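Note sheet for the following structure.
The numbers here are math on the coordinates, done by the rules we state, and not lab data. Because the structure is a prediction, the values reported are computed rather than measured. We place every Cβ from the backbone using ideal geometry, glycine too, and count neighbours over all the protein chains shown.
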Amino acid sequence: MGFLKVSSPHAHGPMSTARVMRLVLLATIPGLFSLTWFFGFGSLVNVLWASITALSFEALALKWRKRPIGFYLNDYSALVTAFLLGIALPPGSPFWLIMIGTGFAILICKQLYGGMGYNPFNPAMAAYVMLLISFPVQMTTWLAPQGSFAGDLLGPIDALRYCFGFGRDSIDAITMATPLDVLKQNNSLLIEDLWQESSQFGQFAGIGWEWANIGFLLGGMYLLYRRVFTWHAPISMLTSLTVMSTLFYDGGSSASGGSPLFHLLSGATMLGAFFIVTDPVTSAVSNRGRVIYGALIGILVYVIRVWGNYPDAVAFAVLLMNFAAPFIDHYTQPRTYGHKLKDQQGGKS
Amino acid sequence: MRKIWDIHGGIHPAENKHQSLHNPIENAGIPPQLILPLAQHIGAPASPIVNVGDRVLKGQMIAEAKGFVSAPVHAPTSGVIAAIESRVIPHPSGMSASCIVIDTDGKDEWIAHQGIEDYTQLSKIELVDRVRQAGIAGMGGAGFPAAVKLSTRDDKPIETLILNGTECEPYITADDILMRERAAEIIAGAEILRHLIKPSKETLIGVEDNKPEGIAALKKAAEGTGIEIVVFPTKYPSGGEKQLIQILTGKEVPSGGLPSDVGIVCQNIGTATAIYRAIRFGEPLISRITTVTGEACGQPQNYEVLLGTPVQYLLDKSGFNKDNCIRLIMGGPMMGYTLQDTAVPIVKTSNCVLAPTVAELPPPPPAQACIRCGMCAEACPVSLLPQQMYWFARAQEHEKLENHQLFDCIECGACSFACPSNIPLVQYYRASKAEIRQAQQDKIKAERSKERFEARTARLEQEEAEKEAKRAARMEAAKAKAAAAANAPEAGKADIIQAAIERSKAKKAESADPAQAAIARAQAKRDGNVEEESPQEKTERLQKLLASAEKRLSAAKEKLALAQEQQNENADAFATAVSKTEEKLAAIQKELSEHEASLAPTKASPASDNADPAQAAITRALAKRAGANADETDEDKTTRLQNTVASTEKRLSAAQEKLAAAQEQNDANVAAFATGVEKTQAKLDTAKKELSDHLATLKTSSASEAVASDDPVQAAIERAKAAREAQANMSDADKIKQTIESLESRIARTKEKLEAARAEGDDKADLLADSLVKLEDKLAAAQQTLSET
C-alpha cells in the first residue's frame, strides 16, 4: 500500500463545527433555566417541539436534496436554530405556530439557499419576524411571570396541553403585557410612577426578564471564554444600545425611552447579543466589520423599540443588518501584512 | 529587556519536539548510493560537469551553478558517477527530475580543499564567491541561494541581520539540536555574516522560548560578540521570515518586496553554520542535520546526513514500522509535503522526515460547510480573510481573490488547522494561485498572438494595396502604348524592334563578359602576382568558369534552336553567340589544362617557373631521379595522344555528318556547324602533330639514352628543349595554314549557297552575305598572321 497523498497542513486543531454548535446549545442553559423559573415550562416545550420539527424538516430537505442526512444532522446547526426560535417564541405557543416557524426557518431560510453556511439571513430571526407579522396575536401573548400570579406557574403537563391546543382558552387568563409593551403604551406617567404602577417591573427591568437576560449573558460569557466567537459584535451592540438609551433617557420623563439597564435586560437583548448577532454565517466577517455590524444593530434595536411600531426589535434589527453585512465586508477588509490600509479600502488592491 | 512585537493570529499545535531530542546528533553514515538532484534550491538547476563513470572525490563539484540565482552541487563522498538521469525528487507532486547518482566507495576521500583562518583578510567579493562556490542554499526550507542574499546593494543599507533559530514547526528539532551542540559554529557563522553584511544597527538571533537548552548554549557562545539572542513566545508560524522580522523589529516587509527593502537580511542558523564551514575549512555544503521522527519510527533521532541519502536509508536506521504509517511527510506537519516513494533523497532543504502513525495524524475527515465562523481569520498570521477567500476560490472569482491579497498568503496552514469544518483551505489557495498564474500566462499569450495576427493582417493589406497600384500603373502604361502604336503602326513597330536590338547590343558592350574578365584577371595574376592564388584555388576557379561557360553554351544553344524553330530573324545573331561562347569555353578549357599541367611540377618544386615547360621538364626529371614518379611515362603519353587523335577523329566525323544534314535541310545553322567541323579538324591536326612529335622525340631520346643512359636528367633536358623548339617553329605556321585552307573552303561553300539563295529570292541571302564577309575577314587575319610568322 502506498502512502497517503494529501497536501499540508497535516495536523488539525481540536475545534469542529459540531463542537461549536454543542457549545452554543450548552450556553443557552442558564437563560432557559431563568425562563422556566419565571414563566413555567412553556419555553422548554417550545424548544423541544421546535427541535423535533426542525430536525425533521432538515432531514426531509436533505433527502430531497439527496445529501447524506446523518452527516449534516450531525453538525447540530438545525438544533441551534430550533433552540433559538423556541426561546424567542412566547412560552406556551401553539404547536402549529412553532412548526410553521421551524419549517420556514429550515426549509426556506436555510435549505432553499443551499444549506448551512449559505443562508444570508439568520433562520431563527427570519422565522420569528415572519410569525410576528403573520400571527401578531399569538406572538404577543406572553405569560405573566411568577410572582404576579403566585402558585400558578405553568407546569410541564399544562405546558404540553397548551402547546397542542387543549384548553387554550384558559391561557389568556395568565397572560400579561411585556414590560417593553407597557413602556411603549405609556404616554402619561413618569418612569418612576410607571414602575410603581405596573406589576411587571422588577429590580432593573421586567420581573423574570431581567433574570432571563442575565442567564443569556452568562451563557454568552462562557462562549466568549471558549472562543466560539470574538467579543467584537456583541460588545459593540450592547455598547451602542447603552449609548442610545443613555442619550434618550432624559431623566425618566413620560416620553423617556427607558433606562439603559432596562434596555440591556429587557426583551431579547442578551439573547440577541450573544446568540443571534454572533451567528457567523449572516454577520460581517472581519473584526472591524463586526464592530460596525453590532453597533448598528444596537442602534436599530433602540430606534425600533422606542420609535417603531413593535415593542421588541432584535429580530428586525438583525435582519436589516444581515442585508448590510456584505456591504460592510466590502469596506472593512483587514490590513494584510505588508500592505497599507488605504490601498486596500473598498476591495482595491 | 528588548521589546518584542506580536504577529496577528497564529496557532498552538502540539509541539512534539521532545521525542527526537533524547539523543545527540548521529552520523547517518555513507549509504551505497547517493542521489543528488540538480535543483535543490530556488532558481536555475545546476548543470552537470562530470560524466558517467568518472570517479569523484568528497567535496568535488559535480554540477555548476547556472546563472546568478543558482547553486552548484558537490559530491558528498568519494565514489563513481553511476548515472545522470531522471529520478524521483522530494517534491509535493512526486515528480522526477535530473539527478546525479553516485555509487559510493566507502573511502570518503576528500578532494584538496583549503579554508581560511582569518576571513577578514578576504574581500567581500571573494567571501561571497566562496559561499557561492560552496553551493549553500537556505537550509530552513525554502532553499534560496545564500550568496544571492549576501550580495547586498549599496542603495539598500542593511540595519539588522537576523538569524532564524525559531523552528516553529512541530516535531522538527534540527535547529534546536544544532544550537545545543554547535552553538559556537552558529556564532562563528553569524560573525562572518555580520562582517559581510555590516548591519548598521544590530545582529539578532531569534529563538522561540520552547528551546531553553539551545538558548542557553547560544547565549554562552555569543558572550562578548555583541550578537543578541532574542527569545519570544512560542507560536506557529513565528519562524516565517516575514513573521520573525515583525516579531523582532516591528517592521513589515512590503508586499511583493524583500527584507532588504526594510533594511533587514535574514538567514537560517543552519545556513550560518554551513557558511562558517565553507569559509573556515573550505568545505562545500555536502551534509545537513535532518530530524527523523514520528511515532512510526522506533528511535526518533537527529542525523548528520550526506545530501543525496535516500529517505529509506534513514528510516531503516530509525526502526521505521511501515504498517503503522499511512503518510510519510518531508518537512513538518504544518507545511511539509507527503512522499510517495521512500527512494527520494535528502536535499539541502530537507529538515525533517516525519513518519506519524494513523492515530497521531489521522486522515482528514470530510469537509463540512463553511459557517464563516472566522476562526481562520483569527489564526491567519498575515491578516487575510480566509473564509472569504474560500468562497471566492470556490466560485473562481480571481479578481476578488487578488483583491483579498491571495498572493500574500504564506500557505502556513494555520487557517486549515483552525477550521472547525475541516476545510482544506490552503489547498484551495494553492489551486487558485496556480489558476490565476495560468490565466495570466494565457492572457499574455493571447495578447501576443493577437498582436501577431493584427500585424499580419496589416502586412497582407499593404501588399495587396501595392500590387493593386502596380497593376493599375501597368494598365495605364499599356493603354498609352496602345494609343502610341495606333498612331504610328508601321514605323513604330520597326522602331521598337530596332530599339530592342540596340539595347541588347549596348548591354553586351557595357557588361564586359564575366568569363572574359575572369580570364583577364587570371592572366594578370599569372603574369604578375602568382602568390595571390594557390594552384588549387586556380584550378577550382577555372573549373567553375568552365562549368559556367558550359552552362551558358547550352543555354545559348537552346535559344538558338528555339529561334530556328520560329524562323526568327535573330537566329544568326544567336548562332554567333553560340560560337563565341564555344570559343570562350575552349579558351577556359585550355587554360585549365595548362594550369593542371603546370600543377604537377609545382607540387614537386613550387619554386620552379611553371611558365617554362623546359624548366618543368627538368624539374620533373630531377624529381624522377630522386625517386618520385611525378610525371607520366613516355608510353603513357603515346597512348594518351593516340586516344586523343582517335576521339577527335570521331568527333570530326560526327560534326561533318551534322553539317551535311544541315546543308541538306538548308538550315541557317550551317555556318555554325561548319565552324564546328573546322575547329574539330584543327584539333585533330594538332593532336596528330603532337603525337608524331612525341614519337619523334621518343626515338631521339632513346638514341640519346644510348649515348648517355647514366644521365636521365640531361636526356630530359634535351628532350624538352627539342619539344619546345618544335612547338615554337612548326606548330603555329602549320595551324594557320590549315585554318586558311578550311576558311577558303568555307568561303567557297558559303558563296555557292549565297548564289543559290539569291537565285531563289530567299531572305537568308543577307545573312549568308554577312557570314561570308566575316569568313573573309577571318581569312585575311589568318593570312596576315601567317605572313608575319
Cβ-derived FRET efficiency at R0 35 Å, B:ALA485 paired with B:GLU788, nearest 0.05: 0.05
Cross-link table B:LYS658/B:LYS764; B:LYS66/B:LYS220; A:LYS5/B:LYS348; B:LYS124/B:LYS242; B:LYS467/B:LYS557; B:LYS211/B:LYS348, entries beyond 29 Å C-alpha to C-alpha: B:LYS66/B:LYS220; B:LYS467/B:LYS557
In the stretch B:11-117, the trypsin sites (Lys or Arg not before Pro) that fall in loop regions by DSSP, at most 15 other Cβ within 10 Å: B:LYS107
Diffusion coefficient, µm² s⁻¹, Stokes-Einstein with Kirkwood Rh over alpha-carbon pairs of the protein assembly as shown at 10 °C and 1.306 mPa s: 39 µm²/s
Interchain or long-range residues, amide H under 5 Å from A:LEU4's placed H: B:ARG327, B:LEU328
Contour excess over end-to-end distance, with Cα ends at B:ARG448 and B:ILE501 and 0.36 nm allotted per residue: 13.5 nm
Fewest-first sequence of A:TRP209, A:TRP49 by Cβ atoms within 10 Å of each Cβ: A:TRP49, A:TRP209
Size of electric dipole in the stretch A:178-324: Cβ of Lys, Arg +1 and of Asp, Glu -1, about Cα centre, debye, nearest 20: 700 debye
Those lysines that a straight Cα-Cα span of less than 27 Å connects to A:LYS63, excepting residues fewer than 8 apart in one chain: A:LYS110
Difference of contour (0.36 nm per residue) and Cα-Cα distance, B:ARG456 to B:GLU468: 2.5 nm
Nitroxide proxy distance, nm - points 7 Å out along Cα→Cβ at B:LEU258 and B:GLU223: 3.8 nm
Value in Å of the Kirkwood radius, where the stretch B:18-354 supplies the Cα pairs that are averaged: 20.0 Å
Ratio of the Cα radius of gyration of the stretch A:178-324 to 2.2 N^0.38 Å, where N counts its residues: 1.02
B:ASN324 versus A:LYS340: modelled label distance in nm, points set 7 Å from Cα along the beta carbon direction: 5.6 nm
Square roots of 5 times each gyration tensor eigenvalue, C-alpha, the stretch B:375-438, largest first, Å: 17, 11, 10
FRET E, pair A:GLN196, B:HIS91, Förster distance 60 Å, beta-carbon r, rounded to 0.05: 0.15
Computed E for B:GLU540/B:SER653 - FRET, C-beta separation, R0 45 angstrom, nearest 0.05: 0.80
Exposure proxy ranking, count of Cβ atoms within 10 Å, fewest first, for B:ARG640, B:ARG503: B:ARG503, B:ARG640
Spacing of the two label points (7 Å from each Cα toward its C-beta) at B:GLU776 and B:ILE116, in nm: 10.2 nm
Prolate/oblate/rounded call for the stretch A:1-81, Cα gyration tensor, a/c under 1.5 rounded: oblate
Tail weight of P(r) past 22 Å, computed on alpha-carbon pairs of the stretch A:15-177, percent: 42 percent
Likely footprinting exposure, B:LYS251, B:LYS580, fewest C-beta neighbours within 10 Å first: B:LYS580, B:LYS251
Averaged over B:415-427, number of beta-carbon atoms from partner chains that fall within 10 Å: 5
Size of electric dipole in the stretch B:375-438: Cβ of Lys, Arg +1 and of Asp, Glu -1, about Cα centre, debye, nearest 20: 140 debye
Anisotropy class of chain A from Cα gyration tensor, a/c 1.5 cut: oblate
Charge-dipole axis of the protein assembly as shown as Lys and Arg at +1 and Asp and Glu at -1 on Cβ define it, positive-most pick from A:LEU296, B:ALA500, B:THR293: A:LEU296
Extension gain (nm, one decimal) between B:GLU752 and B:ALA696, 0.36 nm per residue minus Cα-Cα: 16.0 nm
